[in-house]
Amino acid sequence: MRGPSVPAPATLPPADLPGLDPSWSRLVTCDDRDGIARTWHVLDKEVQNPRVTVLAVHGNPTWSYLWRQVLASAPADVRVVAVDQLGMGFSERLTTQRRLEQRIDDLGRVTAALEIDGPVVVLAHDWGGPISLGWALAHDAQIRGLVLTNTAVHQPSDSGIPRVIALARVEPLRAFNTERLPIFLRITTALSGSRISPEVRRAFWAPYLKADRRTAISDFVEDIPVKPSHPSAAILNEVAEGIRGLQVPTLMLWGPGDPVFSDRYLNDLRERMPHAQVHRYEGARHLVIEDAPSLVDDFWMWMGDLDTPRQQLEEVTENPQALQLELGTSLPLWTGFEQRARTHPNQDAIVEPAGSGRWRRVSWRQLTMKVDLLARGLVGRGIHRGDRVAVLVTPGADLIATVYACWQIGATVVIVDAALGVRGIRRALRSARPTSIIAIPKAIPIVQGLGAKVIASGQLARIAAEGKSKPSPERAQAHDEAIVVFTSGSTGPAKGVVYRHEQIARTRDLIVAHLDITERDALVAAFAPWAVLGPALGIASVIPDMDVTRPATLTAKALGAAVQAVGGTLMWGSPAALRAVVDTQDGLRDKSQLATLRLVMGAGAPVSRELLQGMKDLCPTADVRTPYGMTEVLPVTDVSLTEIIAAGDGPGVLVGHPLAGVDVRISALDSLGQATGALSESACVLGEVVVRAAHVKDRYDALWATQRRSSREVGWHRTGDVGEIDEQGRLWIGGRLSHVITSPSGPIAPVAIEQRMGVITDVLQAAAVGVGPLGNQQVVIVLETNRVVDLDLIDEVRSLAQMPVAAVLARTSLPVDIRHRSKVDRTALAIWAAQTLAGRS
Amino acid sequence: MKVLVTGGRGLLGSATVAELRRRGHEVTTFQRNPSGNLQEILGDVTDASAVQRAVAGNEAVVHLAARVSIAGAWEDFIAANVDGTSNVVNACRTEGVKRLVHVSSPSVAHAGEPLVGVGAQPADPENVRGHYARSKAMAEIIALNANSPELAVTAIRPHLVWGPGDTQLVERIIDRARSGRLFLIGNGQSLIDTTYVDNAADALACAVEHCPGGRAFVVSNGEPRTVAEIVARIAQAGGSKVRGRVPYPVAFAAGKVIERVWGDRPSDPPITTFLAEQLSTAHWFDQRETQLALHWVPKVSLDEGFRLLDRAYRN
């Protein structure tokens, strides 16, 4: 059912739409295949002899206005053409329905009329996807690249069509929804997040103000083939299959919050084009280009890479053979425990609490068998090399065996921290898209409905039993993906980080070498990630009697018992765990229980000197150290309490010398706090810390632009931390790049000033933030205190700060990140300080 | 250089005369009442011929004379600030003066919203608050429009100048603190720039010597502080304390009422909407451009300035 069909000529859009330059608008007339002259409205930022032309194709029910920011920021040698499809935007209105096949043909005719004859990058959204991909298949000699944003070419068979579309399609509701009333139109602009201003929203609606201007919106909805018998089903299928052969560089930029084109459609496209680079913008929805502020920059960054040597460089380093040659001797991750199973089959590999002060002991032989049987059993359950398996199991022997079993198979283990919360866990799993999820009973309800097979952890024993009758799988290679872990999420949504086997093996080798680990060592793992590493190190691990997901539940007594249980020599704990041990030391009757510890490591978040001293007092014979690193590379440096004491005050937190094989450089900050400097080893220059090492992560997961920015220099990782290297080659960390204060006299890192505030009476914590415009910020010190800010307190702060301080503010608490509850959220604090100091309250 | 300073009697005027003389310039002053200066011409800026006689023979003019009070009739502001500036500009033109440093005020671009770390924005007579700011905005436009290859005109907007001997800010705060009438408006945490008088005088002398024509510059110490801190430090120098706080809406409403009933009385009212806004919204500025263009940096820090103030009140 169609509404009244009123033909109308193409027109130019109103001249006052926000962000749209009227000089881009053109009307172009060309014959369609029926010989009828059709007039199109296109945005065309023409250039002489373009290096490449971007052909931008909108979907339903938007128009070329969607691409205005792409046109506005186009480089001088790139032509951008954004068409309004016939019947849409300000192009000619049609009297009959136009189906996919003809729309593909139409697009070819208008590009010919526009004399687009050089290389083309297609940029598409929504139903612009199938149309422009159809165009690409017909112009494969011209196609230079594909950039797809929230679109689809195929309805995955396992699911129904999106509810919004299904609703819009119901006859006669369709015409009613899409044509008579602009409901579909309004829903679409509402499908975007809050970033769309009312003015921009009105600009999206501008071509569709009357029902007779909206006929094509309705026709488009009807043209979605939901059944094989639909007139457009065949051609859509041709496109969907055809793109498997398109080997051009492809980028998929996605808003995962889209209720129409959800991750399911992204995954379908990724399956068709496995070489595609992908970036999912967490929080962005259907109109991803409106929701993701960095998308247009990311697009141009990718465009810039199309013709630069960088691309070739990366291809070389990602060539598996080249890597294996380079890596040479790194042994597989299971070598450590398999060797011990041969030499000391009955000694303890893993010791974990079994309740009432007893221990469950797993020997090297048992662990090796368990891993082997699980690996075989999991293959029997359909888990194969290249699959991703999320493991939501409490740290302990089961978790460890499952991880190594997956590794042997060549399946990628996805680890999510319970601290991310239900929403965070689901968000992380959606981005990592595991095919199977092994979960403890408590976690099972959380992981339903993610499109993965859910296996209860209680099944693991049975799976291992099944493994007895299954063959051993072929084992993973060094270049296979090993793990996806997530960043803390203290600065935005947690990011997935991918490591390959060789990178984890390198981490292991570095730790063994740096800490002189031998078979005689035994590890007390109060820090969950390291519990998994024990078997790879080939040393016994004990998990103290605590809730490992809640480090503060560790006690000195439990630590003492754990050390006793294996003759522990090494202890790893997060600052919260160490704090809990120091605070409960009175409960440890016999302090000599800790005497076998030769090394205590505080890791996972910055550890204060005072806390390290507390541990040193408790374990006087141990070397008390703390490594510096991050989810993307750990460790980078490490430093002992003794060194920290000897060094005294400095430009931040002393984290020590880079470990052997780790290169650290500084990229100096400019006056706006951007790390634009070339990588340098110069001493006493404040800049972003940049690291190169064999154990750096492989990449961020489905975050192409984040990865690209973090590896601006090929082979290096930009950490997002700022710091300085001192004359002795030691690294000092001054805070996060995003927390740098850009004063008129230069950038200032907050941590050094904050540390100097530690001596003020009744001040629990201090944060230094900047207020004012970038490059002209004033330093403001926010104190966590119940004291009143009087002139005496201000004078004390200024004399300690050793730099100009505009204002001192007091709060009873400082905002901290959700996950660690230890990192002060200086971004939030800076906003608060700016509001406070603007006055008027 | 032969320099005429109009309005050479006030806090900033006398400091500027002294600084110019220290730099070896030959300074004449022009004001209504005798100042005790060796070289002075008495007269009113509203008197065009008097202005012309005073300007004659000088290479540069620093135009400081202005009506600065918060209250008063609009006609008086027009006469002193707008007509007075026109007279000075015309005299500079006809007498072949090379440089004019017009002393303006940051309030000429302050429409009431917080100004946070910004540069000197264009004078905006339409939207600024109060007779003083509006007339000074008009004056600045007149002065800068006169900039030409023959006459370089620089507008300098010193922000909240204070120092020992200040009858405007410092005296009022100390008087009120001593009589227990000193209240802070709002939370007292709006961040504002101030300028120690010697730095402002120094900046004006630099402006005479370098005179980057056609532009306006805000001059301040570049050390913004909360209103609460500034008031407390000044009160402390006078040996007193702040008594309490008045919420901003109350102060603003009081200002409205007082403005209406105060009318054209010559003395300043205790509060006006202008003052309420000035003291309860942030206004601090980007000094990088100013310092570069004037070849000037503030020599006396705020801390040093407060020490000098303290000493002045002890003696």
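The values are calculated or read from the model by the stated rules, or taken from the named source; none is laboratory data. Worth saying up front: this structure is predicted, and the values here are computed from it rather than measured. Here the Cβ is made from the backbone with ideal geometry for all residues, glycine too, and neighbour counts use every protein chain on show.
Computed quantities for the displayed model
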{"read-out": "Enumeration of residues in segment A:757-771 that are crowded, with 17+ Cβ neighbours inside 10 Å and in a helix (DSSP H, G or I)", "value": "A:Met757"}
{"read-out": "Residues within segment A:745-782 that are farther than 18 Å from A:Lys823 by Cα and more than 11 Å from every other protein chain (Cβ to nearest Cβ), tallied", "value": "7"}
{"read-out": "Which listed residue, of B:Ala120, B:Ala155, is under 15 Å from the mean Cα position of the chain (by Cα), in contact (Cβ under 8 Å) with a residue 60 or more places away in the chain, under 29 Å from B:Ser301 (Cα atoms) and within 14 Å of chain A (Cβ to nearest Cβ)", "value": "B:Ala120"}
{"read-out": "Enumeration of residues in segment B:276-288 that are in contact with a strand residue (DSSP E or B) (Cβ under 7 Å, 6 or more places away or on another chain) and either more than 16 Å from B:Ala109 (Cα to Cα) or of a type in the set (Ser, Thr, Tyr) (or both)", "value": "B:Ala276, B:Ser280, B:Thr281"}
{"read-out": "Enumerated strands (runs of 3 or more DSSP E) restricted to segment B:88-175, each holding at least 2 residues that are touching a Ser or Thr at 6+ places or on another chain (Cβ under 8 Å)", "value": "B:99-103, B:152-158"}
{"read-out": "Residues satisfying the stated conditions in segment B:227-239, i.e. facing chain A (nearest Cβ under 8 Å), within 17 Å of B:Thr281 (Cα to Cα) and in contact (Cβ under 8 Å) with a residue 12 or more places away in the chain", "value": "B:Val227"}
{"read-out": "Test: A:Pro61 is surrounded by 12 or more Cβ atoms within 10 Å (Cβ to Cβ), touching a helix residue (DSSP H, G or I) at 6+ places or on another chain (Cβ under 9 Å) and not assigned by TED's automatic domain parsing to the domain that holds A:Leu100", "value": "no"}
{"read-out": "Hey, A:Ala561 part of a loop (DSSP other than H, G, I, E, B) and among the aliphatic types (A, V, I, L, M) or not", "value": "no"}
{"read-out": "One residue from A:Leu55, A:Leu86, A:Leu123 being in contact (Cβ under 8 Å) with a residue 24 or more places away in the chain, part of a loop (DSSP other than H, G, I, E, B) and within 26 Å of A:Ile235 (Cα to Cα)", "value": "A:Leu86"}
{"read-out": "Pairs where the first residue, in segment A:133-146, is within 20 Å of A:Asp307 (Cα to Cα) and the second is part of a strand (DSSP E or B) and not hydrophobic (A, V, I, L, M, F, W, C), C-beta under 7 Å, 6+ apart", "value": "A:Gly145/A:Thr250; A:Leu146/A:Thr250"}
{"read-out": "Failed item in (1) at negative phi; (2) surrounded by 20 or more Cβ atoms within 10 Å (Cβ to Cβ), with A:Leu774 passing the rest", "value": "(2)"}
{"read-out": "Checklist (1) at pLDDT 95 or above; (2) out of contact with any Ser or Thr (no Cβ under 6 Å at 6 or more places or on another chain) applied to A:Asp590, failing item", "value": "(1)"}
{"read-out": "Helices (runs of 4 or more DSSP H) completely within segment A:247-308 that count 2 or more residues being assigned by TED's automatic domain parsing to the domain that holds A:Val147 and of a type in the set (Phe, Trp, Tyr)", "value": "A:295-306"}
{"read-out": "For A:Ser330: the one exception among (1) modelled with pLDDT of 95 or more; (2) not in a helix (DSSP H, G or I)", "value": "(1)"}
{"read-out": "Which listed residue is of a type in the set (D, E, K, R), surrounded by fewer than 24 Cβ atoms within 10 Å (Cβ to Cβ) and farther than 18 Å from A:Ile131 by Cβ, from A:Asp32, A:Asp21", "value": "A:Asp21"}
{"read-out": "Test: A:Gly604 is outside the structural domain of A:Thr487 (by TED's automatic domain parsing) and either part of a strand (DSSP E or B) or at positive phi (or both)", "value": "yes"}
{"read-out": "Residue list for segment B:174-203, restricted to those being modelled with pLDDT of 70 or more, within 18 Å of B:Thr281 (Cα to Cα) and not acidic (Asp, Glu)", "value": "B:Asn187, B:Gly188, B:Gln189, B:Ser190, B:Leu191, B:Ile192, B:Thr194, B:Thr195"}
{"read-out": "Verdict on A:Ile165 being at pLDDT 95 or above, out of contact with any strand residue (DSSP E or B) (no Cβ under 7 Å at 6 or more places or on another chain) and more than 18 Å from A:Arg272 (Cα to Cα)", "value": "no"}
{"read-out": "Qualifying positions in segment A:674-713 - without any contact (Cβ under 8 Å) to a residue 12 or more places away in the chain and either within 25 Å of A:Gln728 (Cβ to Cβ) or among the aromatic types (Phe, Trp, Tyr) (or both)", "value": "A:Gly677, A:Ala678"}
{"read-out": "Residue, farthest from the other protein chains (Cβ to nearest Cβ), within segment B:207-226, restricted to residues that are among the aliphatic types (A, V, I, L, M) and in a helix (DSSP H, G or I)", "value": "B:Val208"}
{"read-out": "Within segment B:66-76, considering residues that are more than 10 Å from the chain's Cα centre (by Cα) and small (Gly, Ala, Ser), the one surrounded by the fewest Cβ atoms within 10 Å (Cβ to Cβ)", "value": "B:Ala73"}
{"read-out": "Segment A:793-815 residues that are within 9 Å of another protein chain (Cβ to nearest Cβ), paired with ones that are surrounded by fewer than 20 Cβ atoms within 10 Å (Cβ to Cβ) and assigned to a loop (DSSP other than H, G, I, E, B) (beta carbon under 6 Å, 6 or more apart)", "value": "A:Val808/A:Val789"}
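Table: residues versus (1) in the same structural domain as A:Val689 (by TED's automatic domain parsing); (2) closer than 30 Å to A:Ala419 by Cα; (3) part of a strand (DSSP E or B).
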position: A:Glu724; (1), (2), (3): yes, no, yes
position: A:Gln728; (1), (2), (3): yes, no, no
position: A:Pro747; (1), (2), (3): no, no, yes
position: A:Pro773; (1), (2), (3): no, no, no
position: A:Val780; (1), (2), (3): no, no, yes
position: A:Glu796; (1), (2), (3): no, no, no
position: A:Val808; (1), (2), (3): no, no, yes
position: A:Leu814; (1), (2), (3): no, yes, no
